[in-house]
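Scroll down for the structure; my scribbles are underneath it.
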Amino acid sequence: MSQPVTEPATGGLQQYNPDEVRAHTEEVLAKLGRPLAIPAGFDPLRASNEELIRYGLPPQPDRDALPRHFAKWQRALSLPIRSVPPGFSITGVVHVPVAPLTEDNATSPTWSGAVVQSPPPGETFKSVSARWIVPNAWPPASAWNGSGWNDGTYHCSTWVGIDGWNGIPELLQGGTASQVVVSGGQISSRSCYAWYEWWPAGEIAFSSLTVMPGDLVNFLVCAPVDSTHGAVSVLNESSRQTANAPLTAPGNSSLAGTTAEWITEDPSNGKNQTYPMPDYGAAFFYDALAGSKTQERDISNAVLVNMLAGGSTLSAAAAENQSALLTYFGNQGP
């Protein structure tokens, strides 16, 4: 017989006003830009930056200042791609910045991954990007009660973002969600989707873009012009579909641009509680890069963060090389 999931602990999770978050989320949605559909025969590699932005595609990085960004941009846009019709929906999920931490003890109750804190002197991070295979969510072994799984919604997120680390209140991010629902002791549904968020607003889904477990996705989060305007772009390299959200900051929010992140997260359910963490296996972040106006950074000198809650490691992080990051469920490795 199934048992209800114990109420998730809120220890370490910054508290928020759900009504205010909802109001800011509706504000972000109301201010959202609407890119045009990519026309037939359009060649993004020969287009101007103005044309690329018009069709919801990332502008061309500076080949000399940001060579790895340029190579990544060129490779992605060499694929035959098509834009999906604009479709966005508020999910009720909330991604909260991390409370102040000590760097020599890089643990968090909700984040696991890598954080870079070293933009060039006098500059700020303008972009962060990575590719990853969308994880498939399962109930964790601890949810097995002998005759079935404990009922509940097990949910985690994989994303890249700017700011939100160590007490920085701003956070612009985009990524994928992996969820499994258990009812009556049995798995009743699984789902994945792509999303974006600009805190203090909540999560908004790219509802017209199909994302499945095992898909290879490519995310870019950027604020190239100023600290109150940005964009989240996603390319599903498996389906060759792309979507873009040109954003205006909610309320008085303004990016500091002092950190860039690649994270697996146990987000909030919109009620100041985290979800029960699913067994997501592992997430590999490839081509993990951040950029300022004139320089680029990888994860060579990143702070690695492990997710620790209730005395247990829920998710851990390991750098595979200077631009590849692994996060994995538990503390035993994938």
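The numbers here are math on the coordinates, done by the rules we state, and not lab data. None of these values were measured; they are calculated from a predicted model. With ideal geometry, Cβ positions are generated from the backbone for all residues, glycine too; neighbour counts draw on all protein chains shown.
Observations on the model:
- Förster radius 30 Å - calculated FRET efficiency between Asn49 and Ser191 (Cβ-Cβ, nearest 0.05): 0.25
- Amide H contacts under 5 Å for Asp151, placed H, 5+ residues apart: Gln3, Val5, Gly185
- Kirkwood hydrodynamic radius (C-alpha pairs) into Stokes-Einstein, segment 161-303, 4 °C and 1.567 mPa s, D in µm²/s: 78
- The C-alpha atoms of the chain define a longest principal axis, and helix 18-30 lies at about 30 degrees to it.
- Within segment 261-305, all pairs of alpha-carbon atoms sorted by distance into 10 Å bins from zero give the percentages 20, 38, 28, 14, 0.
- Principal axes of the chain: Cα extent on each, largest first, Å: 61, 44, 38
- Gained length - Gln74 relative to Lys293, 0.36 nm times residue gap less alpha-carbon distance: 77.0 nm
- By the rule of a C-alpha distance below 29 Å, with chain neighbours fewer than 8 residues away ignored, the lysines paired with Lys271 are Lys31.
- Average Cα contact separation per residue, the chain, under 8 Å, 6 or more apart, as relative contact order %: 27
- Computed about its Cα centre, the charge dipole of the chain is approximately 780 debye, with only Lys, Arg, Asp and Glu carrying charge at their Cβ.
- A helix-only calculation puts the chain at -2500 deg cm²/dmol for mean residue ellipticity at 222 nm, using -39500 (n - 2.57) for each DSSP H run of at least four residues, averaged over all residues.
- Protection-proxy order for peptides 156-164, 117-125, 187-195, 89-97, each taking the mean of Cβ atoms within 10 Å per residue, highest first: 156-164, 89-97, 187-195, 117-125
- Phi to ³J(HN,Hα) by Karplus 6.51 cos²θ - 1.76 cosθ + 1.60 over segment 268-283, Hz, x for Gly, Pro: 8, 8, x, 10, 6, 9, 7, 6, x, 6, x, 7, 9, x, 8, 10
- Distance histogram for segment 81-238 (every C-alpha pair counted, 5 angstrom bins, percent rounded to whole numbers): 2, 8, 16, 19, 19, 15, 11, 6, 3, 1, 0, 0
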